[in-house]
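Since every read-out is calculated from the coordinates, none of them should be taken as a lab result. This one's a predicted model, so the numbers in the text were calculated from it and none came from an experiment. Here the Cβ positions follow ideal geometry from the backbone for every residue, glycine too, while neighbour counts run over all protein chains shown.
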Amino acid sequence: MEFKTTLKSLAIAAMLSAPMISNAEHHKCGGKCSGYDAKCGAKCGAKCGAKCGAKCGAKCGAKCGAKCGAMIKRPTGYKAVYASSPESIKKGEEMFNSKKLSTNGMSCATCHAGLKSYSATFKSDFPHKVNMASNNYGVPSIYLDEAIQMCMNGPMKAKIFKWGSDDLANLTVFMKEEHKRFQNQ
């Protein structure tokens, strides 16, 4: 009998301490939220972008720490040359909106459509501090292409792009355009 009472008390305590998502938060996320994300232990999971970082980012990042940080960083000696053209920007925009890049049905636009969910530091020139990179990967300052790799690895739960690939180049040149628009708003 004591065991059942203790078990019941533990279950109630777990429910009371579980992260909750308010109707207001759910409304902001819309249909993008998919309920409880067991890996991170937070409602709404990574689909709410920056809002999730404070809730679950550190828990997820702590699982891989420096190993993940090394993965999103440019390889030693890497020369980032991303030629911008109307064609590459268009291809990058298509990728930005494509859910096929992820393993969880997300696209970059899931979090960032309409210049949303960028932190104030996105107005700064790269490299700069990005909280998700610093908190989750132990990387104090990143370049734009590294931020893309971080989002691929983190919220989108996908493989990072091959360094020097056309896909990384196209998405980076599109994101440079997004960055300019964000700086000018």
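Fully extending the segment from F182 to A113, taken as 0.36 nm per residue of separation minus the present Cα-Cα distance, adds 23.7 nm. Derived value for segment 61-183: Kirkwood hydrodynamic radius 14.5 Å. Basis is the mean of 1/r over every pair of different alpha-carbon atoms. Here the label points at D166 and S124, each 7 Å from Cα along the C-beta direction, are separated by 3.5 nm in the simple model. For A147, what charge total do you get from the other residues with a beta carbon under 12 Å from its beta carbon, if Lys and Arg give +1 and Asp and Glu give -1? Net of charged neighbours comes to +1.
Multiplying the residue separation of S141 and I89 by 0.36 nm and removing their Cα-Cα distance gives an extension gain of 16.2 nm.
Among L171, L115, L101, L144, sorting on how many other beta-carbon atoms sit within 10 Å of each Cβ, with the fewest leading, yields L115, L101, L144, L171.
Note down the nm distance, to one decimal, between modelled labels 7 Å out along Cα→Cβ at A80 and at T103. For A80 paired with T103, the spin-label model returns 2.5 nm.
Residues Y143, Y137, arranged from fewest to most other Cβ atoms within 10 angstrom of their Cβ, appear as Y143, Y137.
Here's the picture: charge each Lys and Arg Cβ at +1 and each Asp and Glu Cβ at -1 in segment 61-183, and of Y137, P75, N170 the one pushed furthest to the positive end of that dipole is Y137.
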